[in-house]
Structures are given as C-alpha cells and as structure tokens.
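Working notes, structure below.
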Amino acid sequence: MMSTQSLRIVVTGLIAQHPALGGVAWDYLQYPAGLLRLGHDVYYFEDSGEWPYTLDGGASGQDWVAHDPTANVRHLSKVMERFGLGDRWAYRFPINSRWYGISDGKRAEVLRSADLLLNVSGTLEHPEQYRSVKRLAYIDSDPVFTQVKLALRDDRDFRQRVAVHDVHFSFGECLGERIPETGYTWRPTRQPILLDEWHPAAPHDEAFTTVMSWTSFKPLQYDGIAYGQKDTEFVRFLDLPSRVRPAKLEVAVGGLQHAEWESVLAKHPGNNGHLEAPGLLSAADLLRQFGWSVVDPLQYCSDLDTYRGYIETSKGEWGVAKNGYVLGQPGWFSCRSACYLSAGRPAIVQDTGFSSVLPAGEGLVLFSSPEEAAAAIGEVEADYERHARGAVAIAHAYFDSHNVLNRLLEDTYSAAGLTRAIA
C-alpha cells in the first residue's frame, strides 16, 4: 500500500468515556486527527460498552454511574468539531444502547466501505461486530499486561476480542523473553503526536511534574511474578524531593481510590516510620509528607487546553512507570512523556527498555534507582537549554504523527500472510 493512497479508516477510543481527563482525550484524538491531516477519510467510533461514571457519586454520593450521557456527548462533539471531525463521529451510550453522532444509516455505510479499523487500546466491546471492515488492527497500549492477560487464559472474552483482529501492534516496541508467549506477532508502534499543537517557546515554571494515577487495578499474578502499577514503583522514590532540593517536584494525581483492595500504608520502604499520621493515607497525603507538591488533575488537566497548558508550564517531566513495564522491559514509552518532549520539556523517566528504540541522554534521560533519578534531575538542571532542544529533536524525529501513522499503515498492509489467531 502506498502511503499516498487515501483510505477510509475508523478509529476507536475513550474520549467520551472520560470527559474530565484531558490527557486521555489527546491520546485518542491524535490518531483520527493525524490521519485526517494525511488525507484519509477518517471516522471516530466509540463503542466500548463501558458505562460512563460520575466523579462525585451523583446526587446520593453513592451513584457512580452516569445515567445521562449529555456531558460525555458534549465533550466528544466539541473535541471532534475542533479538529475537523465534527460530522465524523459516533458514540454508543451503553446503558440503553443509544447511538449519538452520525446517523445509523451513515454509520452502517461507513463500516461496509471502510478499509481499516484501528482498535486503539482494544477499546471495542465487540470487535467481531465490525468484521465488515476489510482489515482490523489491534493497538496494544498496555504491553506486558496485555500479554500476561492472554497467557493467563482466565478471561475468555478478552482473548476472543484480541483474536478477531487481522494484525496486532504494541507500544511495547521490544517485547522480549521476559514477556509470556501469546501466539501473536506484535508489531512495534508508538503514540502519534500533532507537533504543531505543542509549543516549545511557551514560558515555563520551575517544577518538574507528571500526571498520573496512583494505581488502576490489582497486580496481575503470572508464573510467580506480580505485575503491579505505578504505586509499587513510586514508593521507592518517595524521598526524592529531599535528594534534589532546591529543585521542585510536583504530581497531578487523582483522589479516587479503590478502597476494597488499595491502601497506602504508613510503613513502607524508605520512610523510617517518620510520618505525621499513622495508619492509612491517601496517595496525595503520603506524597505531601515527603515534600512533593500535589495538585488536583481535575483542576489542572481536565480538558485539552488545561492538560497541554500544565505540560507547557512545567520545566520538564519526572515520572515512574508501571511496575509491570519495569519488570517486563517491553520498550514502552508514555504518550504523556511524548507530549512533554513535543512541548520542549525534558523527560526524566523510569527505564522500561526503550533506550534500544529511542535516544536517551539528551532531552530524554532515564533512571532505574533513586540515585540515578536524583543525578538525572541535577544533570538537566545544570544544562537545561541543551536538554530542552534535545527534547524537541526527539519529538520531531520519533513522534511526528505524519511519520508514525504512515509507518503504522505501511506495516498494516505489508504484513505478509495475515491470519486471525484462534482463541
């Protein structure tokens, strides 16, 4: 397939599902918007089957399901309109299976005639219902966890959803022997970035920041190994602010907790018991007691502009990866970190094996230990302008949506002997 050939492409995602998470909107948006800029006939369909939720528990304080999708639909419509996709989206509200956006007839016609569907993060609830599309591509944005789930074979629905696709891509660009065998060929890909949407010349403040969830779900257990979330890694670096003063470290972390299985213990590695409050703490309280600045992402990062503004006013990023990525070393690289680089903000991030596919050292600095993290912050502080220029150079060379998406399409159509795996 020549990269100049115009294709009809359907892209999936979770933009409507999370109307108060600006980073999530950017992650999914940059696929259809980037493909549209390449001259393709692009549509965005959101059919995850996930019930949208309220952040405040609704009127009762205990109702976490949003029974009215007005805010979700309004958010999606606004985002799509802004990027030239105002008449090219469809969203299914799962509670009553009602579709919003383009008409049922237009949606059916698009699916009958589409050349390709990009199932980003595997967000479709029933991809088998989209087999009228000529080719289905699965984009795994959560490497190690995806492969472990497949190897566990406990979730038959998940295995069948993956199996429906013709070709499989992964943000794990160098999946190796640490990753369970799944029977699939995982082709490398990475997050596409609309570079002209990020502004390296914008003035910045002095804090190194990151935007994160403390944890998302229970660790996965496989072959005697527990693959955990960011909380598992972050506790190793709790005393970092004291190591790098006067440099300022800030985290935008949500306040939602999974009380039935998540807890932040007062006793943990590295704190020597010196906490103001005994017992259980929220992640935000724990971080503050160790000198981290903590802000509410719903205030600072809730839409496209505030998320981008938060990154652009940061001096750079410092952030850990999920414990599963650290253990598996898949070469995963954060969509968020790619945005920092595109904004000319150096990224100091935990090693997940990506140095074999991305140049680390100037603009992008990796670490594995608290000592390496402190040294990396000192190095960037000492020669900031060089690292800021290096960040922009890496973004342009490795994350430009034009190049990333063209390669994705070329790899999709050049893959020889594509067959759908049997679950």
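Restricting things to alpha carbons, find the Rg to Rh ratio for region 1-156 using the Kirkwood radius for Rh.
Details: Rg = 16.1 Å, Rh = 16.5 Å.
Result: Rg/Rh = 0.98.
Provide the gained length on full extension for the span ASN403 to SER6, in nm with one decimal, where the gain is 0.36 nm per separating residue minus the Cα-Cα distance.
Values: separation 397, 0.36 × 397 = 142.92 nm, distance 1.56 nm.
Taking 0.36 nm per residue and subtracting the Cα distance, the gain is 141.4 nm.
With all protein chains in place and a 1.4 Å probe, the accessible surface of region 311-423 carries 51 percent carbon and sulfur.
Once the Cα atoms are used to define both axes, helix 384-398 deviates from the longest principal axis of the chain by about 20 degrees. For the chain, the Kirkwood estimate of hydrodynamic radius, built from reciprocal distances between every pair of different alpha carbons, is 22.3 Å. Can you tally the lysine pairs in the chain where the Cα-Cα distance is under 23 Å and the two residues are eight or more apart, or on different chains? Step by step, the pairs that qualify in the chain add up to 15.
Distances over 16 Å make up what percent of all Cα-Cα pairs in region 22-71?
On the way: 718 of 1225 pairs.
The share of Cα pairs beyond 16 Å in region 22-71 comes to 59 percent.
If one puts a single equal scatterer on every Cα of region 75-127 and applies the Debye formula without solvent, what log₁₀ I(q)/I(0) results at q = 0.20 Å⁻¹? The Debye formula, applied to the Cα set alone, gives -0.91.
Multiply the residue gap between ARG178 and ALA375 by 0.36 nm, knock off their C-alpha separation, and tell me the result in nm, one decimal place.
68.1 nm
In the assembled protein chains, LYS248 presents an accessible area of approximately 100 Å² (probe radius 1.4 Å). Note on ASN96 and GLU385: their simple-model spin labels are 6.1 nm apart, each label 7 Å out from Cα toward Cβ.
Shape annotation for region 353-421: C-alpha extents along the principal axes are 51, 26, 12 Å, from largest to smallest.
Label positions at ARG131 and PHE158, each projected 7 Å from the Cα along the C-beta direction, are separated by 2.3 nm.
Note on region 142-209: Cα convex hull, mean projected area over all directions, 7.5 nm².
Direction-averaged projected area, Cα convex hull, region 279-423: 12.6 nm², rounded to one decimal.
Placing a pseudo-label 7 Å from each Cα along the Cα-to-Cβ vector at THR70 and ASP41 gives an inter-label distance of 3.6 nm.
Taking the C-alpha atoms only, the angle from helix 370-382 to the longest principal axis of the chain is near 90 degrees. Identify, among ALA201, ILE225, MET212, the residue whose Cα sits farthest towards the positive end of the charge dipole of region 191-238, taking +1 on the Cβ of Lys and Arg and -1 on the Cβ of Asp and Glu, with the dipole about the Cα centre. Farthest along the dipole direction, towards plus: ILE225. A 1.4 Å probe run over the protein chains yields, for the chain, 42 Å² of accessible area per residue, whole-number rounding. Considering region 79-183, its Cα convex hull presents a mean projected area of 8.1 nm². Estimated at 0.36 nm per residue, the fully extended path between ALA108 and SER355 surpasses their Cα-Cα distance by 84.6 nm.
The values are calculated or read from the model by the stated rules, or taken from the named source; none is laboratory data. Keep in mind that what you see is a predicted model, and the values were worked out from it rather than measured. Neighbour counts are summed over all protein chains in view; Cβ atoms, including those assigned to glycine, are modelled from backbone coordinates with ideal geometry. SASA here: full protein model, heavy atoms, side chains in, ligands and nucleic acids out. Shrake-Rupley method; radii C 1.70, N 1.55, O 1.52, S 1.80 Å.
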